[in-house]
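Trainee: Quick one: structure below, then a few questions.
Values in this text are rule-based calculations from the coordinates and carry no lab data. This structure is a prediction, so every number in the text was calculated from the model and none was measured. We place every Cβ from the backbone using ideal geometry, glycine too, and count neighbours over all the protein chains shown.
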Amino acid sequence: MKNDLKLSRQVQGLNGSITVPGDKSISHRAVMFGAVANGETVIHNFLKGEDCLSTIQCFKEMGVEIEEKHGKIHVYGKGWDRLREPVNILNVGNSGTTTRLMLGILAGLPFHSVIIGDDSIAKRPMKRVTEPLKKFGAVIDGRDDGQYTPISIRGTSIEAIEYDLPVASAQVKSALILAALQAKGTSVLVEPAPTRNHTELMIEQFGGEVHSKNNTIRIPGNQQLKGTNVFVPGDISSAAFFLVAGAIVPNSKLELPLVGLNPTRTGIINVLERMGANINVQEQNEGQSEKTGTITIESSSLKGIEISGNMIPTLIDELPVIALLATQATGSTIIKNAEELKVKETNRIDAIVNELKELGAEIEATDDGMIIHGKTQLHGGKVKSWHDHRIGMTLAIAALIADGDVYLKDHECVKISYPEFFADLKSLLQ
């Protein structure tokens, strides 16, 4: 237990303003589009978390020059045609986004490459991407016929496809869009439900063309993109931990400026509003394609709700901390249709249910989600992150209201998406 992080209850409240780090999803995509575009791309407010640094390293292996100057990331794009075959295996670390989106890019490039990641990545399903990429014409192999890493891919001249996505996944959709941009002809993708649209917005920002209507996306092929300036808004998935903290810790009032407010990502705000939280959102668009704004949250009296259906893709990464939020709401909260949580960095349903139970929560797992009964006084205990950054941060917020010290094992994983999380949390303690 000597390496466990000791966390204590915060009875005086949380007060102040913090700027959360740049959006992870947008940071990944900005590097990727900058690399395959022609000319220089400058990325402002890039998230220097471990996952996004893995994306940078993969493109450096393919000959793209990327450097940091004056706090900004400069990507000197080579266009699709001048990326080179990597000498080394492409190591994506813990990043599922890097893995899946890179496969889409590599599908149309005329060389061989191999993708590998850590133990967590080796368990995450990839056939949902590799199977449709094979329909484009890419030659892909890997463990269990391309289901798991390591994955070998030999890109080729690919042809447009029409494809109905079996799961509502922004990573799968984005991988196929990235392949379609290189294909001959116009590809048509149909989503079962809307998912985050950062890829579509970024195509337009880089001078490309994509058409979305009624869950149907049309992507003309053989597109050439142009380097540009990208401002990365604050990550609403990172902000969610402080939004929940502000709502459940007594005597709290927090302000979070420059948070991304893309409507495909704001499910956490909708949940807080439906639960009765004292929350205010002020939009402050900066002329960028992604909406931003300032969110203010105060201590609140909350009520249980049901979270299901098309709402799930808008808050899939926030569900662990929403489960914590629900422990402090009066009545029961039911989360359904969230099977995708089982194939994240870990099985997040099992992970958050097990760890919150260790702190006294009345919570139970279901086949596709969980049921949380509130309002419950949490107590101290020993918990673990499961090496999952979102589980680790959720448990750190839980400690703020626990009646007794909480000892968190493997807390270092929060650096994957929020390197300064514990420093920012400490700055708000009164």
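Trainee: Per residue of the stretch 132-142, in order, report the coupling 6.51 cos²θ - 1.76 cosθ + 1.60 (Karplus, θ = phi - 60°) as ³J(HN,Hα) in whole Hz, putting x for Gly and Pro.
Mentor: Karplus-based 3J(HN,Hα) across the stretch 132-142 equals x, 5, 5, 5, 5, x, 5, 9, 10, 9, x Hz.
Trainee: What distance in nm separates the two pseudo spin-label positions at GLU204 and THR264, each 7 Å out from Cα along the beta-carbon direction?
Mentor: Taking the simple label geometry, GLU204 and THR264 are separated by 1.1 nm.
Trainee: Which cross-chain or sequence-distant (5 or more) residues have an amide H under 5 Å from the amide H of LYS384, H modelled 1.01 Å from N in plane?
Mentor: Long-range HN contacts for LYS384: LYS409.
Trainee: Let me ask something else about it. Given 0.36 nm per residue, what is the gain on full extension from ASN3 to HIS70 after removing their alpha carbon distance, in nm?
Mentor: 20.6 nm
Trainee: Given H placed 1.01 Å from N in the peptide plane, which residues other than close sequence neighbours of GLU306 have an amide H under 5 Å from its amide H?
Mentor: Correct list: ILE334.
Trainee: Between the stretch 113-170 and the stretch 352-396, what is the separation of their alpha carbon centroids in Å?
Mentor: About 33 Å separates the Cα centre of the stretch 113-170 from the one of the stretch 352-396.
Trainee: Right, something else. What's the FRET efficiency of LEU429 with VAL139 using the Cβ-Cβ distance as r and R₀ = 56 Å, to the nearest 0.05?
Mentor: 0.55
Trainee: If each DSSP helix of 4+ residues adds -39,500 (n - 2.57) and the sum is divided by the residues in the chain, what number results at 222 nm, nearest 500 deg cm²/dmol?
Mentor: Rounded to the nearest 500, the figure is -9000 deg cm²/dmol.
Trainee: Full extension from GLU273 to LYS123: what is 0.36 nm times the residue separation minus their Cα-Cα distance, to one decimal in nm?
Mentor: Here the answer is 50.4 nm.
Trainee: Under the Karplus relation 6.51 cos²θ - 1.76 cosθ + 1.60, θ = phi - 60°, what is the ordered set of whole-Hz ³J(HN,Hα) values for the stretch 81-92, x standing for Gly and Pro?
Mentor: With the stated coefficients, the stretch 81-92 comes to 6, 10, 5, 10, 4, x, 6, 9, 4, 7, 9, 8 Hz.
Trainee: Further, regarding this structure: Let me have the relative contact order for the stretch 77-189, percent, based on Cα pairs under 8 Å that are six or more residues apart.
Mentor: Taking the mean separation of contacting Cα pairs over the length of the stretch 77-189, I get 29 percent.
Trainee: Whole-Hz ³J(HN,Hα) for each residue in the stretch 32-45, computed from phi via Karplus 6.51 cos²θ - 1.76 cosθ + 1.60 with θ = phi - 60°, x for glycine and proline: what do you get?
Mentor: 4, 5, x, 5, 8, 7, 9, x, 7, 10, 10, 10, 9, 6
Trainee: Let me ask something else about it. For GLY142, which sequence-distant residues (separation of 5 or more, or a different chain) have an amide H within less than 5 Å of its own amide H, given hydrogens modelled in the peptide plane?
Mentor: Answer set, sorted by chain and number: SER152.
Trainee: For HIS373 and ASN285, what does the FRET efficiency come to when R0 = 35 Å and r is the distance between their Cβ atoms, rounded to the nearest 0.05?
Mentor: Calculated transfer efficiency: 0.30.
Trainee: Something else about it: Can you give me the convex hull volume of the Cα atoms of the stretch 313-412, divided per residue and expressed in Å³?
Mentor: Here the figure is 79 Å³ per residue.
Trainee: Next up: What's the whole-number percent of alpha carbon pairs in the stretch 306-347 lying beyond 15 angstrom?
Mentor: 39 percent
Trainee: Given 0.36 nm per residue, what is the gain on full extension from ASN337 to GLU159 after removing their alpha carbon distance, in nm?
Mentor: Between ASN337 and GLU159, full extension yields an extra 60.7 nm.
Trainee: Taking Rg/Rh (Cα atoms, Kirkwood Rh) straight from the coordinates, which label in (1) 1.31; (2) 0.97; (3) 1.00 is the correct one?
Mentor: Looking at Rg/Rh (Cα atoms, Kirkwood Rh) for this model, the match is (2).
Trainee: Give me the angle, in degrees from 0 to 90, between the Cα long axis of helix 348-358 and the longest principal axis of the Cα atoms of the chain, rounded to the nearest 10.
Mentor: 20 degrees
Trainee: Separate question: With r defined as the distance between the Cβ atoms of LYS409 and VAL11 and R0 fixed at 35 Å, what FRET efficiency is calculated, to the nearest 0.05?
Mentor: 0.90
Trainee: Taking Cα pairs under 8 Å and at least six residues apart, what relative contact order does the chain come out at, in percent?
Mentor: Contact order relative to length: 18 percent.
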